Amino acid sequence: MHENLIPIRQAVIARNPGESEFHQAVDEVFESLGPVVARHPDLLESAILERICEPERQIIFRVPWTDDNGQVHINRGFRVEFNSALGPYKGGLRFHPSVYLGIVKFLGFEQIFKNSLTGMPIGGGKGGSDFDPSGRSDAEIMRFCQSFMTELYRHIGEYTDVPAGDIGVGGREIGYLFGQYKRITNRYESGVLTGKGLAWGGSLVRTEATGYGTVMFAEEMLKTRGQDMDGREIIVSGSGNVAIYAVERAQSLGAKVLTASDSSGYVMDPDGIDLDLLKQVKEVERARISQYAERKGGRARFISDGSVWDVPGSVALPCATQNELNGRQAKKLLANGVEVVAEGANMPTTAEAIRLFQDADVLFAPGKAANAGGVATSALEMQQNASRDSWTFDYTQQRLQEIMRGIHHRCAETADEYGMPGNYVAGANITGFIKVARAMSAQGLI
Ligand code: NDP
């Protein structure tokens, strides 16, 4: 890390004790910024970096709700409005028992640079709750979402802060959240949330966008070596929104996806994942992944110990959660001949694993770049809402593809410009940072 950045990093850690995921996300960006400090010292004037690391606003609130047996539960809600230099705060809501302020801040911090990279007019924010939706009835989910929005509504708006989904928050939850927002405010303000249903302001391709975009980014990286996805064996982790549509896109390009996982274990299907069955088990029934192997039969197996990264393949797509691919697992993937790693999830790869991939000349795409198709398509949903329009699937997918190509191009070009060809981590962090820093600088000390 550049010596000028070390005291700033130490101050961030001292100011945000115990938030290890946030520290990790800050470190990853700071490790990339050395050449920027050397070339553009002006960009660090008026404490730009110190300000970028301090959220503009952090909201923490009580979320009381009643389960189907009449028992009262209390959860904690969060919204971190991190940076609005480029546009309204934009980023998802995560409902998972592991959520605490450090997780929301790591995600919000990443979101600043990701959103900047997309080229769209959106700032960075993130939110969520330590609520555990697993095993809850639809009625319980609805009551929780209504209680959550009863506080959140006063902080958001189409020009202020526009939440979306993330882990544990999909179309069903966005529906309940939007309904409650509309009821409290008496406004049909479509642009206040993204990931809405198609009949009420949602955008075609938003559901598919993060997974499709991740594979599009992998395709762009492969193109730089004159290669493509056709005939490759792919290892995917997760079986939620991002994973399912990464599988769909990879298969449409002629690849064979061998794995999918959830927090109970993974399935290995040597004949290639049956996408319809995966969608039925995980999207429709919200069942455990073992059900896939049970119903598929044949050579498909459920494995509850070990990890997807034990399975050989030339492309790895971590699409579940943070820090799910560590140094030991990276060594295994390398021994098995991995050539491409593209992060569908946010920060799924540890710093040690990233270094190992980069040292081995693996094409490595950080989530900030590779999974930015989701938020970019959310911004397209906001555009459609603002113009009271709805675009076709083909047109929206074409826009997504152009955006992913643009992100790849900007990352690769910046990495070259700063003397680190092929380093997409540095390319993404530097490109994302410079645009935000310039905007903050122009807007004065706020
Ligand atoms: P979903 O809730 O749809 O799916 C999450 C998947 O990851 C599930 O299979 C879940 O398994 C698994 N998972 C979650 N936590 C853990 C854990 N601690 N250990 C093992 N498996 C786990 O979420 P998404 O697909 O939307 O999100 C996945 C990742 O992609 C996250 O990192 C998210 O931040 C990121 N992302 C999502 C975007 C989006 O548009 N949805 C946009 C950009 C990034 P189980 O069901 O057992 O919990």
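Read-outs throughout are calculated quantities, based only on the coordinates presented, and are distinct from any laboratory measurement. Since the structure is predicted, the reported quantities are computational estimates derived from the model, not experimental observations. Every residue, glycine as well, gets a Cβ built from its backbone with ideal geometry; the counts of neighbours run over all protein chains shown.
In percent, what relative contact order does segment 61-169 have, based on Cα pairs under 8 Å that are 6 or more apart in sequence?
37
Too long at a 28 Å Cα-Cα cut-off: which of Lys282/Lys368; Lys223/Lys296; Lys196/Lys282; Lys196/Lys279?
Violating the 28 Å Cα-Cα cut-off are Lys223/Lys296.
Which residues make up the longest stretch of the chain clear of GluC sites (Glu not before Pro) that lie in a DSSP loop with no more than 13 other Cβ atoms within 10 Å, not counting the sites?
Within the chain, the longest run free of exposed GluC sites (Glu not before Pro) spans 4-284.
Net charge near Tyr176, counting Lys/Arg +1 and Asp/Glu -1 over other residues with Cβ under 15 Å of its Cβ?
Neighbour charge sum, excluding Tyr176 itself: +2.
Going 7 Å from the Cα of Lys223 along its beta-carbon direction, which residues of segment 380-396 have the amide nitrogen within less than 20 Å of the resulting point?
Correct set: 394-396.
For every other residue with a beta carbon closer than 14 angstrom to the beta carbon of Glu54, add +1 if it is Lys or Arg and -1 if Asp or Glu, then tell me the sum.
+1
Check which residues have an amide H placed less than 5 Å from Ile59's amide H, if you skip close sequence neighbours.
Arg79, Val80, Glu81
Could you check the simple spin-label distance between Phe393 and Gln280, using points 7 Å along Cα→Cβ, in nm with one decimal?
That separation, rounded to one decimal, is 2.0 nm.
Along the Cα→Cβ direction, 7 angstrom out, place labels at Asp271 and Ser304. What is the inter-label distance in nm?
Taking the two extended label points, one gets 2.5 nm.
Tabulate in residue order the Karplus-calculated ³J(HN,Hα) for segment 328-336, using 6.51 cos²θ - 1.76 cosθ + 1.60 with θ = phi - 60°, rounded to whole Hz; enter x for Gly and Pro.
Using θ = phi - 60°, the values come out as 4, 5, 4, 4, 5, 4, 5, 4, 8 Hz.
Run the dipole for the chain about the Cα centre, Lys and Arg Cβ at +1, Asp and Glu Cβ at -1, nothing else charged, and hand back the magnitude in debye, nearest 20.
Computed about the Cα centre, the dipole is about 760 debye.
Cα convex hull of segment 6-120: how many Å³ per residue?
Convex hull volume per residue, Cα atoms: 125 Å³.
I need the phi-derived Karplus couplings for segment 370-385: 6.51 cos²θ - 1.76 cosθ + 1.60, θ = phi - 60°, integer Hz, Gly and Pro marked x.
Going residue by residue, I get 5, 9, 6, x, x, 5, 5, 6, 4, 5, 5, 4, 4, 4, 5, 5 Hz, with x marking Gly and Pro.
Excluding Ile167 itself, what net charge comes from residues whose Cβ is under 15 Å from its Cβ, given Lys and Arg +1 and Asp and Glu -1?
Local net charge: -4.
For the chain, calculate the relative contact order in percent as a whole number, restricting contacts to Cα pairs under 8 Å that are 6 or more residues apart.
16
Using a 10 angstrom Cβ neighbour count of at most 14 plus a DSSP loop assignment to flag exposed trypsin sites (Lys or Arg not before Pro), which longest range of the chain is free of such sites? Intermediate results must be reported in sequence, preceding the final value.
On the way: sites that count: Arg187, Arg225, Arg286, Arg299, Arg388.
Here the longest segment lacking exposed loop sites spans 1-186.
Put +1 on the Cβ of every Lys and Arg and -1 on every Asp and Glu Cβ in segment 8-134; which of Ile52, Ala38, Pro97 then has its Cα farthest towards the positive end of the dipole?
So the residue we want is Ile52.
Taking the alpha-carbon centroid of each part, what is the distance from segment 111-177 to segment 362-393 in angstrom?
16
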